[in-house]
1. Can you put B:D79, B:D230 in order, fewest other beta carbons within 10 Å first?
2. Angle, helix A:42-52 long axis vs. longest principal axis of chain A, Cα atoms, 0 to 90°, nearest 10?
3. Stokes-Einstein D for the stretch B:42-132 at 10 °C, 1.306 mPa s, Kirkwood Rh over Cα pairs, in µm²/s?
4. Can you pull out the trypsin sites (Lys or Arg not before Pro) in the stretch A:235-274 whose DSSP state is coil and whose Cβ has at most 10 other Cβ atoms within 10 Å?
5. How do B:R101, A:R127 rank when sorted from fewest to most other Cβ atoms within 10 Å of their own Cβ?
6. Is the shape of chain A rounded, prolate or oblate, going by the alpha carbon gyration tensor and its root eigenvalues a ≥ b ≥ c, with a/c under 1.5 for rounded and a/b larger than b/c for prolate?
7. Do any trypsin sites (Lys or Arg not before Pro) in the stretch B:142-243 lie in a loop, going by DSSP, with at most 11 other beta-carbon atoms within 10 Å of their beta carbon, and if so which?
8. Hey, what do the phi angles of the stretch A:253-260 turn into as Karplus ³J(HN,Hα) couplings, whole Hz, using 6.51/-1.76/1.60 and θ = phi - 60°, x for Gly and Pro?
Amino acid sequence: MYVAVKGGEKAIDNAHRLLADRRRGDPEISELSLDQISGQLSLAVDRVMSEGSLYDRELAALAIKQARGDLIEAIFLVRAYRTTLPRFGYSEPIDTGDMKLERRISATYKDLPGGQMLGPTFDYTHRLLDPALAGETVPDAPERRFEEAPEKPMRVSDILAGEGLIEPDGDPSGRDPADITRTPLEFPLERETRLQALSRGDEGFLLALGYSTQRGYARNHPFVGEIRIGEVEVEFEAPELGGASVLGRVQITECQMVNQFKGSAKAPPQFTRSYGLVFGQSERKAMSMALCDRALRAGELGEDRVAAAQDEEFVISHSDNVQATGFVEHLKLPHYVDFQAELELVRKMRAEHAHRAENMQEAAE
Amino acid sequence: MTLQDTGLAAYNFAYLDEQTKRMIRRAILKAIAIPGYQVPFASREMPMPYGWGTGGVQVTASIIGPEDVLKVIDQGSDDTTNAVSIRKFFEKTAGVETTTRTGEATVIQTRHRIPEAPLKEGQVLVYQVPIPEPLRFLEPRETETRKMHALEEYGLMHVKLYEDIARNGHIATTYAYPVKVEGRYVMDPSPTPKFDNPKMDNCAALQLFGAGREKRIYAIPPYTSVVSLDFEDHPFEVNRFEQPCALCGAEGVYLDEMILDDKGGRMFCCSDTDFCEERRGEAESVSASNGEIV
């Protein structure tokens, strides 16, 4: 009985002891180190940093270890820590055109300045389980294309913009960016706020919604203009230091989609943009985000809103997996007081129903 | 300010940093000034899951001081697992005194119940709220419901209640029964059974409502009118139990149904465990051995 009249406190303590034991697993087997997690489960770490909105590989690795590999639980741990951190200010916008690239592909051009660069991708691997990986392996040293750092290739969206075929990117507002962790959401949202929410949104949820747009629920004819993965510098302007100083580098994945647009009363025929940006390496998330971003621009572009993916309140209110998991799982908490009230009502209504049936029977006789 | 060193990271008194508390207090003040109005606030991620009382915890953390005495109940009981967990959280992060006695507490955080013993001036009752919007299940869009509140457009709610009567002969809402506060805002009393609604009216204590996931705070100041929605020919009624509490004999209180065996055996006893224990403590005829159900 999980809600015994007495003993809840002891039960909780015991449950936590058992959890610690199960987390550790067989003590005969050596314990995972944080370096192992961040080095060898790096994409899990990336997801936790991205949806946890905190760029710290070590803390993300710790969270994954503590959460027994449950990534949403790990994201939750990181968020609950992040929210207690003081805020000094906002960094300068990062320049993804200045990225130190590890991967860069475009689906809209066969070849382009800077070339296609596959980088460390699962694409084109055959998904055959590799028994050799069950043991310890030493992979071949990776090839390096450049002895020195290559030139920074221009972004595909800039190539299109040069021809005036794509809508302009908008100018930076100059004011402090919106911050969904410091101000409550108020619908309808500005696009920057929406992108922020999408960037920390659940990968699975955005994937499903993005997929739905491809299957005809608010189709937006997307092309992958460019995906780039690599490191960018983060700069912070501290008036005391005079000018911006570099705080460090973060690895990010950026996806710029180019979407057909036949024009509307509000805008001429042109390609439109949609955008995905996440910490670490996660093309799936960045692409899904871009598909959702485009679908959610329906109102701004004068398109009919006909599908779930275009419905801002629906998408944004349900994209946060920490909120979603909490509320779904709160159904585990005792609800017997409300249930008691419902029990009484159902009993009463059943009695009334039986009484009516009896009367009908009598009337028929 | 007390800083509690937990080894890795230091946390402020009652977990939240002072800036966050100030932001929440501002929202609370606004909520008190406009009874029943849902004030948006920048809800923080808390170290317990959304849906498990994060709104109530943030409100409590923002109003509690070192001199306060805290009581936490869930389903009327101090010993339900989540009540224990939240009480421990404040014992750990704020080091405040806690109690199970309603009369001794200055701050009472609750989920799904209002204590049976009348609350006094100076006490604060903090409710944990899952869905603060009373119109949400009639209109899922926030943009619409905000407009409806602004225009005092509550026809939809009355239609819903009327449809209940047309279909069932009575209103089929048993908990989270909507109320009107100070003749203006329709408010969700949180999922307390409607049995508790009359206790909100003209209550001597301050009632604060926190919804963390939905980022809303609302309030009922002391001695404010709270009226459960009804119709002249179908007045609001609370559910009555046919038998008294099997443990303390109290009547006119909310009872839990305990299943005793698999043959239909059951007993009804007080949902408010503190109320029940205090009554049993007063009655000499009841021996201590009957005091625990296992």
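What follows is calculated from the coordinates using simple rules that are stated; it is not laboratory data. Worth saying up front: this structure is predicted, and the values here are computed from it rather than measured. Please note: Cβ atoms are built from the backbone with ideal geometry, for glycine as well, and neighbour counts cover all protein chains shown.
1. The fewest-first ordering by Cβ neighbours comes to B:D230, B:D79.
2. Between helix and principal axis, roughly 70 degrees.
3. Stokes-Einstein gives a translational diffusion coefficient of 122 µm²/s.
4. Listed in order of number, the matching sites are A:K262, A:K266.
5. Listed from fewest to most nearby Cβ atoms, that is A:R127, B:R101.
6. Verdict is oblate for chain A.
7. Passing both the DSSP loop test and the Cβ count: B:R240.
8. After applying 6.51 cos²θ - 1.76 cosθ + 1.60, I find 10, 10, 10, 10, 9, 10, 10, 5 Hz.
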